[in-house]
1. Restricting attention to segment B:119-132, does a residue exist that is of a type in the set (D, E, K, R), touching a residue at least 60 places away in the same chain (Cβ under 8 Å), more than 7 Å from chain A (Cβ to nearest Cβ) and not in a strand (DSSP E or B)?
2. Of the conditions (1) surrounded by 14 or more Cβ atoms within 10 Å (Cβ to Cβ); (2) part of a helix (DSSP H, G or I), B:Val58 clears all except one; give me its number.
3. Could you give every pair whose Cβ atoms fall below 9 Å, whose first residue belongs to segment A:326-340 and is in contact (Cβ under 8 Å) with a residue 60 or more places away in the chain and under 18 Å from A:Tyr229 (Cα atoms), and whose second residue is hydroxyl-bearing (Ser, Thr, Tyr) and surrounded by fewer than 15 Cβ atoms within 10 Å (Cβ to Cβ), counting only separations of at least 6 or pairs across chains?
4. Quick check on this structure: which one of A:Ala310, A:Ala281, A:Ala230, A:Ala225 is farther than 26 Å from A:Lys505 by Cα and touching a residue at least 24 places away in the same chain (Cβ under 8 Å)?
5. With within 14 Å of another protein chain (Cβ to nearest Cβ) and surrounded by 21 or more Cβ atoms within 10 Å (Cβ to Cβ) as the only criterion, which of A:Arg211, A:Arg264 stands out?
6. Using the structure shown, decide if B:Ala88 is out of contact with any strand residue (DSSP E or B) (no Cβ under 9 Å at 6 or more places or on another chain) and of a type in the set (A, V, I, L, M, F, W, C).
7. Considering each residue of segment B:1-30, count those that are away from chain A (no Cβ under 14 Å) and closer than 30 Å to A:Ala96 by Cβ, and give that number.
8. If you check B:Glu63, B:Glu105, which single one turns out to be more than 11 Å from chain A (Cβ to nearest Cβ), charged (D, E, K, R), surrounded by fewer than 23 Cβ atoms within 10 Å (Cβ to Cβ) and not in a loop (DSSP other than H, G, I, E, B)?
Amino acid sequence: MVVRSYNDELKYLEKVSDHCWRIKKGFQPNMNVEGCFYVNSRLERLMLEELKNSCRPGAVGGFLPGVKQIANVAALPGIVGRSIGLPDIHSGYGFAIGNMAAFDMDDPLSVVSPGGVGFDINCGVRLLRTNLYEKDVQPVKEQLAQSLFDHIPVGVGSKGIIPMNARDLEEALEMGMDWSLREGYVWAEDKEHCEEYGRMLNADPAKVSMRAKKRGLPQLGTLGAGNHYAEIQVVDEIYDKWSASKMGIEEKGQVVVMIHSGSRGFGHQVATDALVQMEKAMKRDKIETNDRQLACARINSVEGQDYLKAMAAAANFAWVNRSSMTFLTRQAFAKMFNTTPDDLDMHVIYDVSHNIAKVENHMVDGKERKLLVHRKGSTRAFPPHHPLIPVDYQLTGQPVLVGGTMGTCSYVLTGTEQGMKETFGSTCHGAGRALSRAKSRRNIDYKEVLEKLDQIGIAIRVASPKLVMEEAPESYKDVTDVVDTCHAAGISKKCIKLRPIAVIKG
Amino acid sequence: MEVEFSKDNFLLPEMKYEYLDHTADVQLHGWGTSLKEAFEQCGVAMFGYMTELEYVSVEQCFEIEAKGDDLEGLLFHFLDELLFLFSAEPYLVCKKLEITKFDMETFEISCRCYGEPFELGKHPQGTEVKAITYSAMQIVQDTTANHYEVFVIIDI
């Protein structure tokens with residue numbers, strides 16, 4: 001790795017607009033394209049501080065700052081356009097979290113990298129609407145939170161309650177939400193409001209290890225731990241009334257449910273297995289990367305194809321997982337209000353995937369090209385009229401669901417034409433960590449965190465209360481900064497702001 | 001594979017591990033007077049992040065095997081086996097690990113894992129470990145001072 005002083009490093013960075021920085025070639029060795037990142041003044045400070053800290057002389061251990069990771073990704077074979085950092089970027093494994101990169105499918109040297117997807121394959125966010133208002137829910141908020149907590153298995157070691165055997169799992173992996181539909185867990189129209197209609201067709205369960213299946217089976221229909229959650233939220237602000245109404249959001253105070261979860265141990269194991277396979281493929285095909293953690297394989301190699309098929313199976317697992325929790329959420333609400341999910345109008349507004357690689361067509365230098373787009377901690381944000389978004393959102397652009405941190409707020413954005421041009425139709429995914437977990441545990445007291453939530457009227461049910469400080473808002477960047485940056489840069493557009501009134505966590 | 005063991009003269013090892021800073025994840029740091037001990041400690045450290053080990057009693061023993069291409073690979077696969085022991089049948093939380101075979105030439109490990117199946121209500125829920133990573137992995141061998149250390153970042 002090149003060792004330079006902080007001031008020398010800065011020579012490779014150039015602020016090109018109020019919200020965008022350019023990373024010039026040479027910042028890291030062998031960059032095929034330039035990098036860039038989107039920040040506002042506050043996020044910019046965090047970003048540069050991280051770089052500065054890594055430039056300390058004689059530092060050992062430690063990790064690569066996000067900005068260096070963007071540049072390392074820019075050095076991967078077959079990358080086109082730019083390696084892009086979104087405003088919520090932070091250092092991750094190989095790729096930074098909040099990094100997107102696209103690779104030319106027609107270039108035989110192009111690669112696919114499991115690090116560009118993440119361990120939690122098809123981690124994503126789903127938003128359900130209701131026709132309830134805050135005044136309907138406030139009096140029963142605590143009971144409702146408890147009921148959701150009782151319905152949805154959360155936290156380490158919890159097991160799914162949707163009956164499944166090994167054969168069901170094979171079918172679910174192949175069929176994704178079509179399986180959920182066949183088994184009666186979701187509504188037909190739910191699929192319409194999911195990326196890929198809740199099913200990646202190239203999924204092949206035969207490419208998945210027995211170990212991944214064994215880890216996955218007991219965990220299907222569980223929320224997980226860490227930053228995953230289910231929240232009851234109310235509409236706090238509507239920025240774009242027309243688009244909001246297309247999503248069935250009419251006024252402030254309307255109640256929605258947000259579910260943030262992924263493919264659980266199944267996806268984690270698929271990613272782990274692929275990384276081990278790819279290490280070998282890299283040696284064989286002599287693929288050189290700047291960082292050992294950027295394990296990758298040529299898209300057309302056996303390892304590359306096997307990974308894409310297994311990743312698709314994990315993506316299907318995640319959709320079935322979120323669908324199972326959708327079912328449980330609908331049951332909990334119906335019981336509480338003594339009615340049916342239908343009468344509560346509990347439709348899926350949308351379901352986004354923020355850890356995934358997909359084949360998409362984009363314009364590059366005036367020509368349409370078929371690309372493998374990696375989005376790690378980045379959400380697809382397609383503009384109005386894009387053929388891959390559902391008919392209901394053809395005129396608004398694709399809804400983008402941005403989950404905030406515990407007790408802050410979340411946003412619904414819509415995709416824009418400018419985002420399509422600048423970032424391959426991608427935007428931010430959440431708040432992005434600012435403090436390390438260990439630091440959070442040392443500096444923040446969990447009782448204070450819980451009290452604070454209570455004071456602002458948020459009911460909370462959490463499986464591991466002693467760990468809530470790791471997820472406290474102080475540990476994260478401000479999601480509003482992140483979303484405002486995306487809006488100001490034009491890569492997506494603010495539509496709705498949501499505020500939580502009850503949080504269920506692992 | 002479950003194996004028999006005797007609770008007579010069963011001793012728990014002293015704690016030689018800690019958790020270090022990393023932005024999104026956590027770094028396990030285990031040490032000991034042999035590499036074997038450092039590996040064992042690192043493994044227990046991982047379980048300590050999933051639950052509180054004082055609530056775990058030693059009821060069962062399972063034997064696992066791991067193999068790598070090099071020392072880092074061996075550590076990676078050793079921890080991956082332990083994670084699997086927890087993530088699927090028998091859902092074991094280990095309080096003590098005892099490496100019975102540590103082959104530095106073929107990079108193979110056999111290990112006896114003592115603990116009990118994870119049970120909601122009995123064991124507090126900690127954080128879920130998604131995966132083991134090679135990220136900033138370090139294995140320090142100071143043979144003169146008889147001091148061995150390992151550093152592993154786990155994805156959570």
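1. Checking segment B:119-132: at least one residue is of a type in the set (D, E, K, R), touching a residue at least 60 places away in the same chain (Cβ under 8 Å), more than 7 Å from chain A (Cβ to nearest Cβ) and not in a strand (DSSP E or B).
2. In the conditions (1) surrounded by 14 or more Cβ atoms within 10 Å (Cβ to Cβ); (2) part of a helix (DSSP H, G or I), B:Val58 misses (2) alone.
3. Within 9 Å, the pairs are A:Arg330/A:Thr340; A:Phe333/A:Thr339.
4. Result of the check over A:Ala310, A:Ala281, A:Ala230, A:Ala225: A:Ala310.
5. Details: A:Arg211 fails: surrounded by 21 or more Cβ atoms within 10 Å (Cβ to Cβ).
When all the criteria are applied, what remains is A:Arg264.
6. yes
7. Going through segment B:1-30 one residue at a time, the tally reaches 1.
8. On the way: B:Glu105 fails: not in a loop (DSSP other than H, G, I, E, B).
The match here is B:Glu63.
The values are calculated or read from the model by the stated rules, or taken from the named source; none is laboratory data. In this text the structure is predicted, and so the values were computed from the model without any measurement. All Cβ positions, even for glycine, are placed from backbone atoms using ideal geometry, and neighbour counts span all protein chains on display.
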